[in-house]
Every structure is written in C-alpha cells, then in structure tokens.
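K.L.:
Below: one structure in structure tokens.
What follows draws every value from the coordinates through simple rules; no lab data is involved. A quick note: this is a predicted structure, and the numbers were derived from the prediction, not measured. FYI the Cβ positions are ideal-geometry reconstructions off the backbone, even for glycines, and counts take in every protein chain you see.
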Amino acid sequence: MKKIIIILVILIVLVVGYYEWKKKDVDSTQIASPTWEFVLDESGEMPKTQVNVVWGEKKYDAGIYTGTCVQMAPESVDVELKEAISYSQCWFAGAGNQIAIFEDGGKLSIKSRTIEEESTTAQPFVLLLDL
C-alpha cells in the first residue's frame, strides 16, 4: 500500500511540474497587448516615421512611412478595421497609411494599406508580416 501512495505522489508532482513548465512556455504574444512605437525622422523634406509593434518582449518592424504616426483609439475605427486587434495611422499632406494587427484563423499578422483624403474607396490591406 505504501508503494502505491508513493507512486501516486510522484505522479502528482510530475503532472503539476509539467503543467507549470508548459504554462511558462506560452508565447508572449498570447499574453500581452500590443503597443506601437513610433520613431520620427524630420531631417528630410518630408517627415518619415519608423513604425514598430511591441508585443510582450518582442519587437516587430512594421515599416517606414511618410508623415507622423499615432495609435488610433478603438472608437475611431472604420468598418473595415472593426476586426483589427489594434491599429495605427500615419498621415502627411492628405495621404497616409493604416497599419493594423489582425487575427485570422488563430494566426496573427500585421497588414498595411494606403489611404487618401477625399477618397471614397479604401485600398485593400497588404500583408507585411506574420507574427
């Protein structure tokens, strides 16, 4: 009977240990919320902004865009961006880009599209990178 109890205790310790180990192994993109990092360069004729997505401990290069960029508030989202997890917008002289994070089938990606003042049709989003 003592052997059975010892074996059960060992099994419980192993199962709990394995569970705790796997819990720490979860990718940080599944835990944290994304933040946007903007690095503005005004040294040229037109301002340019390096856009990065910071998610957990990882940083993703989302590109360099003309103009200044800001993270957009959820209530300012147009219909096509309702499914975005988060998005930012860069703007200069009547045109710009929207950069958004989407989830599609459990897969996360960063996509971008151009936008123009006075335009009634939005360009489709283009995949920048998968996370």
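K.L.:
Could you tell me whether region 28-130 comes out rounded, prolate or oblate from its Cα gyration tensor? Rule is a ≥ b ≥ c as square roots of the eigenvalues, rounded for a/c under 1.5, then prolate if a/b exceeds b/c, otherwise oblate.
P.N.:
oblate
K.L.:
Run the simple label-point estimate for Ala93 and Glu57 please: 7 Å along Cα→C-beta, distance reported in nm.
P.N.:
So the two model labels end up 4.4 nm from each other.
K.L.:
With a cap of 10 neighbouring Cβ atoms within 10 Å, and only residues DSSP puts in a loop, list the trypsin sites (Lys or Arg not before Pro) found in region 81-131.
P.N.:
Lys82
K.L.:
For the pair Glu37 and Ser119, how long in nm is the line joining their label points, each one 7 Å along Cα→Cβ?
P.N.:
Calculated label separation equals 2.9 nm.
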